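Participant: Supplied in structure tokens, the structure appears directly below.
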Amino acid sequence: MQYYPQYCMAAVATTLILIAMCFLKQNYATKQNRVFNLMVIDSLIASGINIASLYTISFTDRYPLWFDYLVNMLYLVAFNAMVVLFLAYVDSIAKLPRYKIAVKVVCTVVLAVESLMICTTHITHLIFYFDEDLKYTHGSHMKLLYIIAAALVILGDVMFMYSSKRFSGYQVFSVNCFIVLIFASVLFQTMNPAYVITNLACALMLIFVYSAFENPAYYLYKDTRCFNRRAFLATIKKQRKKKEPYLVIAIRIMNYDFMRHDLGQSRTETLISRVAEYLNECYRRKVYNLSDDCFVLVLDRDADIKEQKTRLHMLFSEPFEIGERENSVKLPVGIMLSVIPVDDPEIDEKEMETVVHAIQRDEKEEASAEDIIDVVKKLHRQELLATIIDNAIENNGFDVYYQPILDVSTGTYPSAEALIRLKDKELGFISPEEFIPIAEKNGRVIEIGDMVFSRVCDFIHRSRGMDLGVEYIEVNLSPVQCYHEELARKFLAELSRHDLDPSSVNLEITETAELETRKIKILQKNLDNMNERGVTFSIDDFGSGFAAIDYLLRLPVSIVKIDKSILWQAMKDESAMKVLKGTMRMLKEIGKHIVVEGVENEEMAEILRENGCDYMQGYLYSKPVPESVYVEFLKKYNKTEAA
Ligand code: C2E
Ligand code: MG
Ligand code: MG
């Protein structure tokens, strides 16, 4: 029979193009990536040998018989290996750990059994043989190879579809297309044996799969062409698996925000790309971008730290040139280097990422083993606290305490600050200063804030009947709550649900370094909406934050709470006392009421009274106490003193 080898030749050409693409766009090496490369090489081998095989079966008598057998055996092994590799590839992308071992066993057994059957066919004639007329003839078990191949492909598809939620529509389409096309091409070839198109179908589909799954952009950082955070995490995971110590060098671009502000976004991006180019040249395939301004190198542990530092400082000692020839400018780039030797590769990728950020944040030039342990411990505590917070939210595990606030002019306690409390069976009392920032990071502070607000409303509602002299309760608001679009609507609805006048609550806001105009706008809108309805606001921890004056002028606040640290410092230091008194004078002049927190003794109270403080809060009067104790406190002080 006359066979047409042109299709195999086209398959070879297509696969060579694919190899060039893989080579030029060097991808980050993963298991998935390695299996894909094996598939491509196998496809090239199978198509190449198939050309020779077609010649041997067309002109059997031209070659020695052993050669005819050998070529056809090699082709069948290579072609069947393709199906096994397909299953291994699906396994590596589907990531179903439960079936990992089973897939390995199936792949190995199938490959071994099939290869054995194919390589002994010259004796057994089970798969193929050359008859007396030297005609290539299928053996009785050739069909078995087809059945096994079909079964493996279907199994691969089932595994893939099982985890298909993780993939994009294009990815799901490409795998299913691969399968349909392979089946269709095998069917076509069975009916038209002269047209050997299966190899070409495989090669084309590999290009399809490459574009869907092997996109190098997945592991590259925007346009710097360095590996990204995903690649960094994968590298640390590999080091851990290999149990090999390594060295991490974090490079932070100094004053990145100012740079963006001064140079503009696009020039900064060009400059950072130049930096990346230089780093990539010096440290090929070892540079990772964790964020716009943070590069990380992962080197062998035996790299000389001093030498690396000098090398990097040298690299950044010269300004970087950006722009076209006549319009080019040279710009200096300042860096902060942190060297992190990792001798205990047990550290996992998430821990390592936290270590890099913490060491950079603390501006440490070299991290010791203790520093690393410290960061990891903190991370674990934070993770534990996050679980405790989740449980407390589910099981109503928070308490709300009240700390009475003295009205200096009347000597009564018309208000109190609501303070959240969390107790864990094992860890004991957990300070809100520790757990609120964690809840802010994972977003759960919104639910916590809603719960505190609801409990406070409920308390005020009940206290009204008891005639305890409570005019309003102060509730702390996290900045995360302030930037939440729904805040005003939710809080106003809660107040009316409890039939309360909005002036029954005063919300405490803290200053943050938030620069995003969109968020500031939401905050302003939330505050204005609530203020129009009668809710009042105070600035908490005044003097300890960032944008105090700005907040004071722009937001509808009637009360300012001076931070306890300012008072405590003033008691020790004359200049700090002048600052405290000056601040109080200034606040009075612009018509704000003043609360000072942290009043612990009479001496403090006396000074504050003399300087026009309106309200005082502190252990001198009461610690934060549970609701029942607070009610007793009010009965004792508000009624008798008011009388
Ligand atoms: P804050 O709002 O500035 O609350 C005042 C803190 O100072 C409270 O600490 C209070 O117990 C403490 N304090 C008051 N007077 C004295 C004193 O005389 N001596 C000493 N040593 N401490 C005094 P606490 O309850 O540990 O709360 C810490 C911070 O946690 C609060 O600071 C607030 O920022 C946050 N927080 C507490 N409850 C909530 C809440 O429900 N929501 C939000 N978002 N944050 C809360
Ligand atoms: Mg407060
Ligand atoms: Mg405060």
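The values are calculated or read from the model by the stated rules, or taken from the named source; none is laboratory data. Model, not experiment: these values are computed from the prediction. Cβ coordinates were reconstructed from backbone atoms using ideal geometry, including for glycine residues, and neighbour counts include every protein chain displayed.
Residue-by-condition table, conditions (1) touching a strand residue (DSSP E or B) at 6+ places or on another chain (Cβ under 6 Å); (2) within 16 Å of ligand 3 (Cβ to nearest atom); (3) at pLDDT 95 or above:
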residue	(1), (2), (3)
ASN396	no, no, no
TYR401	yes, yes, yes
ALA416	yes, yes, yes
LYS441	no, no, no
ARG455	yes, no, yes
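Participant: Within segment 494-513, is there a residue that is over 30 Å from SER628 (Cβ atoms) and away from ligand 3 (no atom under 16 Å from the Cβ)? Before the answer, list the steps.
Facilitator: Initial filter on segment 494-513 (over 30 Å from SER628 (Cβ atoms)): 511-513.
Right, trim to away from ligand 3 (no atom under 16 Å from the Cβ) and you get 513.
Within segment 494-513, one or more residues are over 30 Å from SER628 (Cβ atoms) and away from ligand 3 (no atom under 16 Å from the Cβ).
Participant: If you scan segment 52-107, which residues turn out to be buried (at least 17 other Cβ atoms within 10 Å of the Cβ) and either more than 27 Å from ALA11 (Cα to Cα) or not assigned by TED's automatic domain parsing to the domain that holds ASP131 (or both)?
Facilitator: ALA94, VAL103, VAL106
Participant: Limited to segment 224-268, what total is found for residues that are among the charged types (D, E, K, R), surrounded by fewer than 19 Cβ atoms within 10 Å (Cβ to Cβ) and modelled with pLDDT of 90 or more? Don't jump to the end; show me each part of the working.
Facilitator: Just the residues of segment 224-268 that are among the charged types (D, E, K, R), to begin with: 225, 229-230, 237-238, 240-244, 252, 257, 260, 262, 267.
Now restrict to residues that are surrounded by fewer than 19 Cβ atoms within 10 Å (Cβ to Cβ): 225, 229-230, 237-238, 241-244, 257, 260, 262, 267.
Retained after the next criterion (residues that are modelled with pLDDT of 90 or more): 229-230, 237-238, 241-244.
The total comes to 8.
Participant: Please verify whether segment 549-562 includes one or more residues that are surrounded by 14 or more Cβ atoms within 10 Å (Cβ to Cβ), of a type in the set (Gly, Ala, Ser) and part of a loop (DSSP other than H, G, I, E, B).
Facilitator: Pass one, segment 549-562, residues surrounded by 14 or more Cβ atoms within 10 Å (Cβ to Cβ): 551-552, 555, 557, 559-562.
Right, trim to of a type in the set (Gly, Ala, Ser) and you get none.
No: zero hits.
Participant: Among the candidates ILE566, ILE539, ILE607, single out the residue that is farther than 25 Å from GLU511 by Cα, surrounded by 18 or more Cβ atoms within 10 Å (Cβ to Cβ) and aliphatic (A, V, I, L, M). Quick ask: steps written out before the conclusion?
Facilitator: Values: ILE566 fails: farther than 25 Å from GLU511 by Cα; ILE539 fails: farther than 25 Å from GLU511 by Cα.
Answer to the selection: ILE607.
Participant: How many residues are in a helix (DSSP H, G or I) and over 28 Å from GLY139 (Cα atoms) when one looks only at segment 90-116? Before the answer, list the steps.
Facilitator: Here is the first cut: in segment 90-116, the residues in a helix (DSSP H, G or I) are 90-94, 97-116.
Going one step further and asking which of them are over 28 Å from GLY139 (Cα atoms), we end up with 90-94, 97-104.
So the answer is 13.
Participant: Which fully enclosed strands (runs of 3 or more DSSP E) of segment 307-419 have 2 or more residues being in contact with a helix residue (DSSP H, G or I) (Cβ under 9 Å, 6 or more places away or on another chain) and more than 30 Å from CYS613 (Cβ to Cβ)?
Facilitator: Qualifying strands (runs of 3 or more DSSP E): 320-322, 329-331, 335-342.
Participant: Another one. Is it true that some residue in segment 564-572 is part of a loop (DSSP other than H, G, I, E, B) and either within 16 Å of ligand 3 (Cβ to nearest atom) or in contact with a helix residue (DSSP H, G or I) (Cβ under 9 Å, 6 or more places away or on another chain) (or both)?
Facilitator: Scanning segment 564-572 turns up no residue that is part of a loop (DSSP other than H, G, I, E, B) and either within 16 Å of ligand 3 (Cβ to nearest atom) or in contact with a helix residue (DSSP H, G or I) (Cβ under 9 Å, 6 or more places away or on another chain) (or both).
Participant: Can you name every residue in segment 124-151 that is among the aromatic types (Phe, Trp, Tyr) and either surrounded by 16 or more Cβ atoms within 10 Å (Cβ to Cβ) or outside any helix (DSSP H, G or I) (or both)?
Facilitator: If the condition is that a residue be among the aromatic types (Phe, Trp, Tyr) and either surrounded by 16 or more Cβ atoms within 10 Å (Cβ to Cβ) or outside any helix (DSSP H, G or I) (or both), then PHE128, TYR129, PHE130, TYR136 are the ones that fit.
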